[in-house]
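*Asks:* Here you go, one structure.
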Amino acid sequence: MAKDIEVGGNEYGHKDYHDPPPTPLIDIEELTKWSFYRALIAEFVATMLFLYITVLTVIGYKSQIDVEHGGGQCGGVGILGIAWAFGGMIFILVYCTAGISGGHINPAVTFGLFLARKVSLPRAVLYMVAQCLGAICGCGLVKAFQKSYYVKYGGGANELADGYNTGTGLGAEIIGTFVLVYTVFSATDPKRNARDSHVPVLAPLPIGFAVFMVHLATIPVTGTGINPARSFGAAVIYGKDKAWDDQWLFWVGPFIGAAIAAFYHQFILRASAVKALGSFKSGN
C-alpha cells in the first residue's frame, strides 16, 4: 500500500499517511446494508431540492425581465443571482448529505469518483439513477406549482445558445465539469483530511464556489449543465425538441470532464501510478 511521510511544522513532527485501499468494483455486501439505501434516498432528495430551487430561480428571473409583464433587463436576480442559486444550493446540500451519501448530487461527480475507485460500480449506477429521478421530480414540482410560467419561460432546460457551435458548447461543458470535479477531489482528499482537521468542514464551500464560478462563465453558452441529472430532469419535464437535440452535450461533456479531472488528480497530482509501481517493485 502506498505510504506518504508528512513533515509538519508543529509539535507532532512526522506523520505517516496510508492511502485508503481502492473500493471493490462490485461490493455485494454493501447492497445488504440500510446505509446504502439511505444514501440513495439522500441523493434523490438532495437532487430534487436542487432542481426545485434552481429552476424556480431561472424561471423567476426570466419572468421578471419579460417586457410584456412590465419587466426590464435590469430586473430580477440576473445571471449573478442564478449562479449564486446553483452554487449556494450545492454548498447547502453537500453540507447536509456529505456524511450520508458523500453529497454527489451529480452523475458526473459520481462517475469521476467511480473512475478513481472511490465508489463501487453498483453504487455509482444506482446513485446516477437516484439523481436523475430526483431531478425529474424537482422539475415536476416546479411545473405543478407554476405550469404557465414553466412552459412560457423554457422550464430551466439547458440548450446550446444561438451563435455558439456544438464544439464550443461541448468544450464549455468539459472544462466546467473538470473545474467542479477537480475541486471535489481536492476538497475531499483523504491525505489533506489527515493533515488538516478543518478541511472536511470546509469541503462544501469550495465545491459550491466552483459551481458558482462555472455558471458565471458558461450560462451564456449552454445555460450551464455540468450535471447530467440537472439537464436530463429539465428536458424530461419540459419536453421540447431543442432540449432533447442538445441533450448529448450535457452527458458527453460532463463525463469527459470528470474523467480528465479524475486522471489529473489521481495519477498526476497524487502520483498513484508511480506509487503503485513502487509498491509492486518493493514486493518483488
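*Asks:* Which order do ASP246, ASP162, ASP27 fall in if you start with the one that has the fewest other Cβ atoms within 10 Å?
*Replies:* ASP162, ASP27, ASP246
*Asks:* Pop out the ³J(HN,Hα) list for the range 123-128 in order, Karplus 6.51 cos²θ - 1.76 cosθ + 1.60 with θ = phi - 60°, rounded to Hz; leave Gly and Pro as x.
*Replies:* Along the range 123-128, the couplings run 5, 4, 5, 6, 4, 4 Hz.
*Asks:* In what sequence do ARG230, ARG38 fall when counting other Cβ within 10 Å, fewest first?
*Replies:* Ordered by Cβ neighbours within 10 Å, fewest first: ARG38, ARG230.
*Asks:* So how far, in whole Å, is the C-alpha centre of the range 88-105 from the one of the range 112-141?
*Replies:* What the calculation gives is 13 Å, centre to centre.
*Asks:* Something else about it: Once a ≥ b ≥ c are taken as the square roots of the eigenvalues of the Cα gyration tensor of the range 25-270, is the result rounded (a/c under 1.5), prolate (a/b larger than b/c) or oblate (a/b not larger than b/c)?
*Replies:* Because a/c hits 1.5 or more and a/b exceeds b/c, the range 25-270 counts as prolate.
*Asks:* Only counting other Cβ atoms within 10 Å, I'd like VAL142, VAL129 sorted with the fewest neighbours first.
*Replies:* In increasing order of surrounding Cβ atoms, one gets VAL129, VAL142.
*Asks:* A further question follows. Once phi is turned into θ = phi - 60°, what whole-Hz ³J(HN,Hα) does the Karplus curve with 6.51, -1.76 and 1.60 give for every residue of the range 234-240, x standing for Gly and Pro?
*Replies:* Running phi through 6.51 cos²θ - 1.76 cosθ + 1.60 with θ = phi - 60° gives 5, 5, 4, 6, 6, x, 8 Hz.
*Asks:* Another question about this same structure. Tell me, what ³J(HN,Hα) does each residue in the range 84-101 have, in order and in whole Hz, if you take phi through Karplus 6.51 cos²θ - 1.76 cosθ + 1.60 with θ = phi - 60° and put x for Gly and Pro?
*Replies:* Residue by residue, the range 84-101 yields 5, 4, 5, x, x, 5, 5, 4, 5, 6, 5, 4, 6, 10, 4, x, 9, 10 Hz.
*Asks:* Here's something else I'd like to know. Between LYS240 and LYS147, 0.36 nm times their residue separation minus their Cα-Cα distance comes to what?
*Replies:* 32.0 nm
*Asks:* OK, next. Once the Cα gyration tensor of the range 95-210 is found, what semi-axes does its equivalent ellipsoid get, as square roots of 5 times the eigenvalues, in whole Å, sorted largest first?
*Replies:* One finds semi-axes of 30, 19, 15 Å for the range 95-210.
*Asks:* Could the peptides 51-61, 101-111, 118-128 be put in order, highest first, of the mean number of other beta-carbon atoms found within 10 Å of their residues?
*Replies:* 101-111, 51-61, 118-128
Where a number appears in this text, it was derived from the coordinates with a stated rule and is not lab data. Note that this is a predicted model, so its numbers are computed, not measured. Cβ sites come from the backbone with ideal geometry, for glycine too, and all protein chains shown count toward neighbours.
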